[in-house]
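First the structure, in the form of structure tokens, and then the observations on it.
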2 protein chains.
Amino acid sequence: MGKVEIVLNSLPMSGGDGPNSYSKNSHLQRRTTSLLKETIDKLILEKLNAKTLISDSNTFHIADLGCATGPNTFFLVDDIIKSVETSLRKSNSSKPEFLVFFNDLPHNDFNTLFTSLPQHRSYFAVGVPGSFYDRVLPQSSVHMVVTVGATHWLSSVPKEVLDKTSKAWNKGKVHYSNAAEEVVKAYRDQFGRDMEKFLEARAKEIVSGGLLVVGMCGIPKGMPFSNLADSIMYKSMADVLTQMQSQVVLHIL
Amino acid sequence: MGKVEIVLNSLPMSGGDGPNSYSKNSHLQRRTTSLLKETIDKLILEKLNAKTLISDSNTFHIADLGCATGPNTFFLVDDIIKSVETSLRKSNSSKPEFLVFFNDLPHNDFNTLFTSLPQHRSYFAVGVPGSFYDRVLPQSSVHMVVTVGATHWLSSVPKEVLDKTSKAWNKGKVHYSNAAEEVVKAYRDQFGRDMEKFLEARAKEIVSGGLLVVGMCGIPKGMPFSNLADSIMYKSMADVLTQMQSQVVLHIL
């Protein structure tokens, strides 16, 4: 048995554009984004009064929270801008300028994001380093916030699952798949606390009449997690990690 | 003689925080910023009606153009925020939120900038990748823009100084120190064109009643550049670079 040291500290997606990078391994996430396109279009056209929102500044502000390094975020933003422009054309409004806030953790590879921005884009791009479980933007500063496949990342591991004296102790496992109900509850409660902070922050940042779209995987109420295909994948990954942990120094920064 | 290949392509400051990085070798730039502190304070107190500027949004927007990787930009921004707060206290105004746009070229090391942001800062921080000789922010989106020790970096080398058939040909040298008047004029004209673009962009980005501070080195009118201490430094550096160029492959990306 080797020395085991696990340091969990704000894990961003894998940076750069090499073979193991997020930017080269995020086709599944792109598929999720594509699936949401129609819903987002509909929300923009039906729920958002873009004409009123831009009446003061003639600028429309969009934020993508948990954008990683691209390129998925660029497709998402392009689609949103096209929908907002369609909505504005329908209301005979002038064409605004667009400002896009690309947010992720401070250790996210913003260098890759910035150098891979589309050259002929129709918006001003800025990067926002910070956890979306806190405030990341000023009060009433954004018209539409979107986050896709990001809010399942908790702000931290629930303490109970690491505590050997707790009923929610997860026996060193890294996921709640096939775990006791107390473990699932510990993760669920952490998600609840995190989402409360998420929503409180967005309530301050989004203008009155703005739009928040949260896209994430779910599970039908009452279905045990172990019945899902995801569960098998996570269990296999957890088994591999646990085995590595028992054999070598595992140092995740 | 080795192969010589020089590729000039948007050169940012040296990234990271190693011994050769900008962040560890920018004491001179910090001194320049300190020298300007009193002037900037005075400008904010006398020329800026901060109370009126924040009356709609209760947020004050600052941009530092050509901020590099820090830490100088953080000291500069802190000083500006303190002055704006003093100005607002004097006019019995409420305390606003601050949003700071940190701008530099897309290849600037924003990762170092973001991970070295002061933890207990009193502002929201965003990074803006792009050349300040173009638009980098939406119309009327910023109250105060500052740029210190950055606008002497031209957008490109003037074509004439590279053209052997031109009177402004600079004979392979990399600076106009001790050069013919035509060479100096070529650089001066390029600076003129660049500053025109700079000012046109800022005129659109800065709100009415906002403030633009440009801090850069100058030279008394009529004094030959060769009389300055800087000239000797640049001439020595140019000699070294030219000698390296004649001996080895010099590849600047």
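The values are calculated or read from the model by the stated rules, or taken from the named source; none is laboratory data. No experiment lies behind these values; they were computed from the predicted model shown. So basically every Cβ, Gly included, is an ideal-geometry build from the backbone, and we count neighbours across all protein chains shown.
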Just name the residue that is surrounded by the fewest Cβ atoms within 10 Å (Cβ to Cβ) out of those in segment B:208-253 that are hydrophobic (A, V, I, L, M, F, W, C) and at pLDDT 85 or above.
B:Val240
Could we say that B:Val161 is touching a residue at least 60 places away in the same chain (Cβ under 8 Å) and either away from chain A (no Cβ under 14 Å) or out of contact with any Ser or Thr (no Cβ under 9 Å at 6 or more places or on another chain) (or both) here?
no
Can you give me the number of residues within segment A:160-176 that are farther than 28 Å from A:Val213 by Cβ and surrounded by 14 or more Cβ atoms within 10 Å (Cβ to Cβ)?
9
Scanning segment A:165-201 for residues that are under 19 Å from A:Leu65 (Cα atoms) and either in contact (Cβ under 8 Å) with a residue 60 or more places away in the chain or in contact with a Lys or Arg (Cβ under 7 Å, 6 or more places away or on another chain) (or both) gives A:Asp194, A:Lys197, A:Phe198, A:Ala201
Out of (1) away from chain A (no Cβ under 12 Å); (2) touching a helix residue (DSSP H, G or I) at 6+ places or on another chain (Cβ under 7 Å); (3) closer than 23 Å to B:Thr32 by Cβ, the odd one out for B:Thr73 is which?
(2)
Segment B:177-207, subset touching a helix residue (DSSP H, G or I) at 6+ places or on another chain (Cβ under 8 Å) and farther than 19 Å from B:Asp239 by Cβ, residue surrounded by the most Cβ atoms within 10 Å (Cβ to Cβ):
B:Ala186
Looking only at segment A:90-103, filter to residues that are modelled with pLDDT of 95 or more and not aromatic (Phe, Trp, Tyr); which one of those is surrounded by the most Cβ atoms within 10 Å (Cβ to Cβ)?
A:Val100
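Being closer than 18 Å to B:Arg202 by Cβ, at the interface with chain A (Cβ under 9 Å from one of its Cβ atoms) and surrounded by 22 or more Cβ atoms within 10 Å (Cβ to Cβ) narrows it down to one of B:Val142, B:Val136, B:Val148, so name that one.
B:Val136 is the lone residue from the list that is closer than 18 Å to B:Arg202 by Cβ, at the interface with chain A (Cβ under 9 Å from one of its Cβ atoms) and surrounded by 22 or more Cβ atoms within 10 Å (Cβ to Cβ).
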Could you figure out which of (1) over 28 Å from A:Ile206 (Cα atoms); (2) modelled with pLDDT of 95 or more; (3) among the basic types (Lys, Arg) isn't true of B:Lys82?
(1)
Specify which of the listed residues (B:Ala168, B:Ala238, B:Ala203) is more than 30 Å from B:His61 (Cα to Cα) and part of a helix (DSSP H, G or I).
B:Ala238
Take B:Leu105 and decide whether it is within 13 Å of chain A (Cβ to nearest Cβ), within 25 Å of B:Ala201 (Cα to Cα), hydrophobic (A, V, I, L, M, F, W, C) and in contact (Cβ under 8 Å) with a residue 60 or more places away in the chain.
yes
Surrounded by fewer than 19 Cβ atoms within 10 Å (Cβ to Cβ) and either among the β-branched types (Val, Ile, Thr) or not in a loop (DSSP other than H, G, I, E, B) (or both): does that describe A:Thr33?
no
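Conditions tested, residue by residue: (1) basic (Lys, Arg); (2) within 21 Å of the chain's Cα centre (by Cα).
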position	(1), (2)
B:Val84	no, no
B:Arg89	yes, no
B:Leu99	no, yes
B:Val128	no, yes
B:Arg135	yes, yes
Could you check segment B:36-60 and list, in sequence order, the residues that are charged (D, E, K, R) and either in a helix (DSSP H, G or I) or closer than 17 Å to B:Ala150 by Cβ (or both)?
B:Lys37, B:Glu38, B:Asp41, B:Lys42, B:Glu46, B:Lys47, B:Lys51
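So that you can scan it fast, the table gives a plain yes or no per residue for (1) within 14 Å of chain B (Cβ to nearest Cβ); (2) out of contact with any Pro (no Cβ under 9 Å at 6 or more places or on another chain):
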position	(1), (2)
A:Ser26	no, no
A:Ser34	no, yes
A:Lys47	no, yes
A:Asp79	no, yes
A:Thr86	no, yes
A:Ser93	no, yes
A:Phe98	yes, no
Could you list, in sequence order, all residues of segment B:109-127 that are buried (at least 18 other Cβ atoms within 10 Å of the Cβ) and facing another protein chain (nearest Cβ under 8 Å)?
B:Asp109, B:Phe110, B:Asn111, B:Phe114, B:Leu117, B:Phe124, B:Ala125, B:Val126, B:Gly127
Selected residue [surrounded by fewer than 21 Cβ atoms within 10 Å (Cβ to Cβ) and among the β-branched types (Val, Ile, Thr)] from A:Thr59, A:Thr69:
A:Thr59
